[in-house]
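**Student:** Following this message is one structure expressed as structure tokens.
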Amino acid sequence: MPPRPAGPGAAPRAALALGLLLGFYLLALLLLVAVAVLDAVLARGTFTVVTVEGWLGSLAVASCVLRVVLLSRRPGEERAGPPGLSVTPREQPELWRHVRELAGQVPTRPPAEIRIVPGAVAMVREDARWLGLIPGERRLFLGVALLLGLPEAELDAVLGHELGHYAHQDTRLGNLVAALRGRLAHTVATLEERAAREAAEERAEFAAKAARRRAEGRPPPLKRAGTRGPDHYLALVFTAYTKLCLRLTEAVSRRQEYAADLVAARIAGPAATAAALRRIPALEAAGELYLNQYALMGWDAGLLPPEGQFYGGFALLLADGTRRAELAAPAAEPLPQAAGERSPYASHPPTADRVRALAALPVDGRALVHRPAAALLCAPDRLLADLEQATLSTEALARRRVPWAELPRQAHREIFAREVEPLLAAMAELTGAATAPGAGALHRLLDLLDRGLLHDLAARLPRSAQAAGSSGRAAREFARTAFRSALRRLALLAALETGLCRWELCWSGPPVRQSAPVWFTEDLPKALDRAVAEPAVTAPLRTLLLRGSGHGSRDGAGPAPHTPA
């Protein structure tokens, strides 16, 4: 596949974007003119009920066009770009030097701001004025996952691509194209929301009328076919215009991407550029996995990783050999033809097409340098900590920081302690004395069971709707089942405190590995069943936990995967 041409120049692109934006307002004015013409035609005819209904309908259409299309204002877009940490040349001299050197090779004017942002993203903006005729301040947004996960050669390809957008003046029209898309999206969304609200109000009115007629002993009214208001039909008109605009502007955007890839290939080499295109989707997927399963592992327990590790821990995930192999596998596999991805509304071409276009370029024989991109950072730990301060919410920053090795255990302890609160509250209500969660609370609870107070305790626990609606033997079984579940949580909490059960961090598989001695895993369910029997027999559970506190996981067959009892 030969290299793609760069597409139309800046002036034709500006004319296209401006014409489409003006066309949006022209379409609205044409609708108003059509309504006025219809009113004039109705006024020349005989004055009838149909004439009045026509006037009322045209008034509704004209009001909707004026209020929604011409007079409403969409929420202001954050022109400053995504939140992140702006770094100065003094703070990150090597990174700035590198970006400026690449800008000189393009050649193009370097950005005035480099902002490190979360994720595996890279983008550029320019605050140009007068339809892009007057250049403005340039900003480069660089995802921290790219710095932590890419080799320097592939980062050069990413930077070369973004600087290529500057060189081809793609960013000059960014604000104009964003205004067009934002205006269209806001208009269509508002019209659809109004149409849906009108339909819901009509359904509610019909249901209320039907209920009144049934209460009066009369048959419900016949349901009319759903009537469509002017919002619905205007939404169809502007949706069609939006699709036309996207077809035209996104086709230009796709050609710009091919042209920027050629700049990246000239700067970093076709091989490094293709490798970056393959690796970035894998980094995005790994970043999502890391954020949801590792960084936020202790969120429900009010915990976070150590300072600087909310984003920085991603490097620990990538350092694991198994994870590295998982990331390398998609990059080594042939990309599909991706025929289904060729949507006329997509702003980027399919990755497979871009890689094939790069493969058609002459081989430059340049060797890939595997120096990590993070080597460009000065004091990366400090940068990662500052990035947290710049992007995390006040609620997140207020959470307690726990070392990675302790995070799974602490998180499970907090969660278990929260889950046994109703059980401890039931004990306090029955005995008049509060008890802290842990092994001591478990032994006090077993003492109460020995006294035959199982059902007194179980009756004080929260009940499901099904349990609340039952009675007799069924109610007792529901209460016994709920009590056994709470007792199990308290037993696991006691086992965690003594080290009998462990929840350990694992970077290569499931984020948390649960382990306990085989004898504990096998005997716990039976001991719980004996404890909630009638009469209660608590000795097996006491012996099980006493054995654990005496020997811990060193006894028996050693650690084994924990199976929930």
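The values are calculated or read from the model by the stated rules, or taken from the named source; none is laboratory data. All values reported here derive from a predicted model rather than from experimental measurement. Cβ atoms come from the backbone with ideal geometry, glycine included; neighbour counts cover every protein chain shown.
**Student:** Looking for whichever is crowded, with 21+ Cβ neighbours inside 10 Å and either assigned to a strand (DSSP E or B) or at pLDDT below 90 (or both) here; the options are Ala486, Ala474, Ala494, Ala516. Which one fits?
**Tutor:** On inspection, the qualifying residue turns out to be Ala516.
**Student:** Condition first: over 20 Å from Val420 (Cα atoms) and over 45 Å from the mean Cα position of the chain (by Cα). Now tell me which residues in segment 451-470 satisfy that.
**Tutor:** Across segment 451-470, the qualifying residues are Arg451, Gly452.
**Student:** Does segment 220-232 include one or more residues that are touching a helix residue (DSSP H, G or I) at 6+ places or on another chain (Cβ under 8 Å), surrounded by 15 or more Cβ atoms within 10 Å (Cβ to Cβ) and either part of a loop (DSSP other than H, G, I, E, B) or modelled with pLDDT of 80 or more (or both)?
**Tutor:** For segment 220-232, residues touching a helix residue (DSSP H, G or I) at 6+ places or on another chain (Cβ under 8 Å), surrounded by 15 or more Cβ atoms within 10 Å (Cβ to Cβ) and either part of a loop (DSSP other than H, G, I, E, B) or modelled with pLDDT of 80 or more (or both): present.
**Student:** Restricting to segment 373-419, name every residue that is outside any helix (DSSP H, G or I) and under 18 Å from Pro93 (Cβ atoms).
**Tutor:** Leu377, Cys378, Ala379
**Student:** So, in segment 420-468, of the ones that are in a helix (DSSP H, G or I), among the small types (Gly, Ala, Ser) and buried (at least 16 other Cβ atoms within 10 Å of the Cβ), which residue ends up modelled with the lowest pLDDT?
**Tutor:** Per the stated criteria, the residue is Ala467.
**Student:** Considering only segment 473-509, how many residues are more than 19 Å from Arg444 (Cα to Cα), in contact (Cβ under 8 Å) with a residue 12 or more places away in the chain and not basic (Lys, Arg)?
**Tutor:** Initially, segment 473-509 is screened for residues more than 19 Å from Arg444 (Cα to Cα), giving 473-479, 481, 499-509.
Checking which are in contact (Cβ under 8 Å) with a residue 12 or more places away in the chain leaves us with 476, 478-479, 499-505, 507-509.
This time we only want the ones that are not basic (Lys, Arg), so: 478-479, 499-501, 503-505, 507-509.
Going through segment 473-509 one residue at a time, the tally reaches 11.
**Student:** Take segment 93-119 and flag every residue that is over 21 Å from Gly269 (Cα atoms) and under 29 Å from the mean Cα position of the chain (by Cα).
**Tutor:** Result: Pro111, Glu113, Ile114, Arg115, Ile116, Val117, Pro118, Gly119.
**Student:** Next question. Go over the candidates Ala268, Ala264, Ala210, Ala282 one by one and state the one that is among the small types (Gly, Ala, Ser), more than 28 Å from the chain's Cα centre (by Cα) and surrounded by fewer than 18 Cβ atoms within 10 Å (Cβ to Cβ).
**Tutor:** Numbers: Ala268 fails: surrounded by fewer than 18 Cβ atoms within 10 Å (Cβ to Cβ); Ala264 fails: surrounded by fewer than 18 Cβ atoms within 10 Å (Cβ to Cβ); Ala282 fails: more than 28 Å from the chain's Cα centre (by Cα).
Unique residue meeting the criteria: Ala210.
For (1) crowded, with 16+ Cβ neighbours inside 10 Å; (2) in a helix (DSSP H, G or I); (3) at pLDDT below 90, each residue gets a yes or a no:
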| residue | (1), (2), (3) |
| --- | --- |
| Asp523 | yes, yes, no |
| Lys526 | no, yes, no |
| Glu534 | no, no, yes |
| Leu541 | yes, yes, no |
| Leu545 | yes, yes, yes |
| Gly550 | no, yes, yes |
| Ser553 | yes, yes, yes |
| Ala557 | no, no, yes |
| Ala560 | yes, no, yes |
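**Student:** Quick one: Asp320 ticks every box in (1) in contact with a Phe, Trp or Tyr (Cβ under 7 Å, 6 or more places away or on another chain); (2) more than 16 Å from Leu148 (Cα to Cα) bar one, so which box is it?
**Tutor:** Only one criterion in (1) in contact with a Phe, Trp or Tyr (Cβ under 7 Å, 6 or more places away or on another chain); (2) more than 16 Å from Leu148 (Cα to Cα) is unmet by Asp320, namely (2).
**Student:** How about segment 97-122: which of its residues are among the basic types (Lys, Arg) and modelled with pLDDT of 95 or more?
**Tutor:** As a first pass, look at segment 97-122 and keep what is among the basic types (Lys, Arg): 97, 100, 109, 115.
Within segment 97-122, Arg97, Arg100, Arg115 qualify.
**Student:** Between a first residue in segment 191-217 that is free of Cβ contacts under 8 Å to residues at least 40 places away in the same chain and a second residue that is assigned to a helix (DSSP H, G or I) and surrounded by 12 or more Cβ atoms within 10 Å (Cβ to Cβ), which pairs have beta carbons less than 7 Å apart while being 6 or more apart in sequence or on different chains?
**Tutor:** Pairs that qualify, where the first residue is free of Cβ contacts under 8 Å to residues at least 40 places away in the same chain and the partner is assigned to a helix (DSSP H, G or I) and surrounded by 12 or more Cβ atoms within 10 Å (Cβ to Cβ), are Glu198/Asp231.
**Student:** Could you say whether any residue in segment 202-209 is farther than 30 Å from Gly136 by Cβ, at pLDDT 75 or above and basic (Lys, Arg)? Before you say what the answer is, go through the steps one by one.
**Tutor:** We begin by selecting, within segment 202-209, every residue farther than 30 Å from Gly136 by Cβ; these are 202-209.
In the following step, the residues that additionally are at pLDDT 75 or above were identified as 202-209.
If we keep only those that are basic (Lys, Arg) as well, we get 203, 209.
Yes, because at least one residue in segment 202-209 is farther than 30 Å from Gly136 by Cβ, at pLDDT 75 or above and basic (Lys, Arg).
**Student:** Quickly run through segment 123-149 and pick out the residues that are of a type in the set (A, V, I, L, M, F, W, C) and at pLDDT 95 or above. Show your work before the answer.
**Tutor:** Step one: of segment 123-149, the residues of a type in the set (A, V, I, L, M, F, W, C) are 123-124, 128, 130-131, 133-134, 140-142, 144-148.
Residues satisfying the conditions are Leu140, Phe141, Leu142, Val144, Ala145, Leu146, Leu147, Leu148.
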